[in-house]
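Have a look at the structure below, then the notes.
Derivation of every value follows stated rules applied to the coordinates shown; laboratory data play no part. Please read all numbers here as calculations on a predicted model, not as lab measurements. Note: ideal-geometry Cβ built from the backbone for every residue, glycine included; neighbour counts use all protein chains shown.
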Amino acid sequence: MAINPKDNYFTDTSKAPEPKLGDKPILGERYTSVEFMELEWEHMWTKVWQIGGTVQELPNVGDYITYNYGRESILMTKGQDQKIRAFYNVCQHRANRLVQAESGNSDSFSCGYHGWKYALDGELIHVRDEEDFLQGSPCGKLRLTEIPCDLWGGFIWFNMDEACNSLDDFLAPHNEHLSVYPLDNMMRTDWITIEGDFNWKTVQDNFNESYHIPDVHPQLKYFLDERYQSCQFDLYPNSNVRMLMPGSVPTPRALDEEDMIIEYIKHDAEMWELNVEDYRGRFEDFRVDLQKQKRKLAESKGYDFSKFNDDQLTDNYHYGFFPNVYFSMKPDGNIFLRGTPHATDPNKCYFDMWYFTWFPDAQEEYYSFTMEEYKSKSTPVDHIVGKFGEVSAGPGIDQDVGVWESQQQGLASRGFKGDYMPNQERRIRYHHESIDRYIDGTHEFLQKK
């Protein structure tokens, strides 16, 4: 399907102009140095928009969630006016963390240390022994410290920079590209946090390249053409990036393993009423035929693909939001991937994998090919936290996580002298150069203020 880049009805798939990149080595100290970690925190993490949770978590007045972000805790709640606000989760009396729970519902927030109470909009409404304050009652004077908060894509976004630019500017052009997906209606059916012994940038570097796929994900060759010659890489001025990778088609080196290809594509074939055996000897036709079949049967299967281009019916569209969030868009869902810095140790981070399932209309259960299990609308999703090996982020993502600790160890080695990367990994270099532009204050997003 031909796409007009000026027509926002469809996702713009035109190639972004290539920025000029430098050749400064990416050294291991960027991943292990406390000093560099502090530079990132002060000059980047405190100035970028971040996701604190999902709008679906706050359906009612008084619902709240907290999110630990580096050395900060962020409190998000829905007020009496139905507005979602974000605050630093700290009492204004003597700095006790105000809310200890990850989520809940309350008509106010009371500090467990001295009982100071705050309304849902952050106003201090009660203190004990109010008459004993020589400087006058703090009620009516003090509030929780509110920070910029906005909503997009079913997510709650916050920024610790009171003078930040708009969320729309920060998300562009991904917010337009992804408008064709029903992000608001997808349900989080997996919620995993791995306490990792690796720097957050090992996570982002990994998802900023597909060069590792043949070795780390050998099974993908049966239904993805991961060769760099077949993919499109886009690097945008605000440091967001994208990769478009053909799906429902094997890479050429797998064509002599027909039984394995059949095994991996048969689920889609059966769901969309194609005879997978018909494609022996001509697997390159399966992708286009599947796209046509999805157009034909979408309504009867409970899907609205009217805003999708043909490739979105089969392919993987990977969207990287600077500095640390990836949406890996599938035809029936979204893998949310994020590395968040540890509060004090550059050799640790928290890796989040959330899977969002797009349930067909009137269907309570759905088999997620990505997660290799059935998902249910009615089953509450628990937040599972643990070390790698104790908890799973799904069969494919576990393969990625299994590499990062080893890489972190290598990054600390005196024997590593800096990167030597092929051009197909240029999103990694762009990401590191973008971090440096935040640190030195020259990044475009900062200059727009």
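Structure data summary
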| item | result |
| --- | --- |
| Subset of K266/K330; K330/K377; K330/K417; K47/K221 violating a 28 Å alpha-carbon distance limit | K330/K417; K47/K221 |
| Taking the chain and dividing mean pair separation by its residue count, relative contact order in percent (alpha carbons under 8 Å, at least six apart) | 20 percent |
| ³J(HN,Hα) computed for each position of segment 242-250 - Karplus, 6.51 cos²θ - 1.76 cosθ + 1.60, integer Hz, glycine/proline x | 8, 9, 10, 10, x, x, 6, 8, x |
| GNM flexibility winner over the chain from D225, D234, D168 (Cα, springs under 10 Å) | D168 |
| Mean Cβ neighbour count within 10 Å, used as a protection proxy, ranking 378-386, 287-295 highest first | 287-295, 378-386 |
| Efficiency of FRET between E299 and H93 - r from beta-carbon atoms, R0 60 angstrom, step 0.05 | 0.55 |
| Three-way shape label, segment 49-108, alpha-carbon gyration tensor, a/c 1.5 | oblate |
| Neighbour-count order for L235, L142, fewest beta carbons within 10 angstrom listed first | L142, L235 |
| Pairwise Cα inverse-distance average, inverted: Kirkwood Rh of segment 302-449 (Å) | 18.6 Å |
| Virtual spin-label span in nm between V55 and S166, 7 Å along Cα→Cβ | 1.7 nm |
| Cα principal axis extents for segment 50-158, largest first, Å | 48, 30, 22 |
| Residue order, fewest to most surrounding Cβ atoms within 10 angstrom, among S110, S413 | S413, S110 |
| Footprinting exposure proxy for T202, T13 (fewest neighbouring C-beta atoms within 10 Å first) | T13, T202 |
| Cα Rg over Rh - segment 226-368, Kirkwood | 1.03 |
| Value of relative contact order over segment 94-179, rounded to a whole percent, pairs C-alpha under 8 Å and six or more apart | 15 percent |
| Rh by Kirkwood over Cα pairs, then Stokes-Einstein D for the chain at 0.692 mPa s and 37 °C, µm²/s | 138 µm²/s |
| q = 0.14, 0.22, 0.30 Å⁻¹, segment 289-330: log10 I(q)/I(0) [Debye, one scatterer per Cα] | -0.40, -0.73, -1.03 |
| The chain: most fluctuating residue of M271, M187, M37 per GNM, C-alpha cutoff 10 Å | M271 |
| For segment 356-422, the Rg and Dmax computed from alpha carbons only, in angstrom | 18.2, 58 |
| Kirkwood Rh in Å, taken over segment 103-180 so that all alpha-carbon pairs contribute | 15.6 Å |
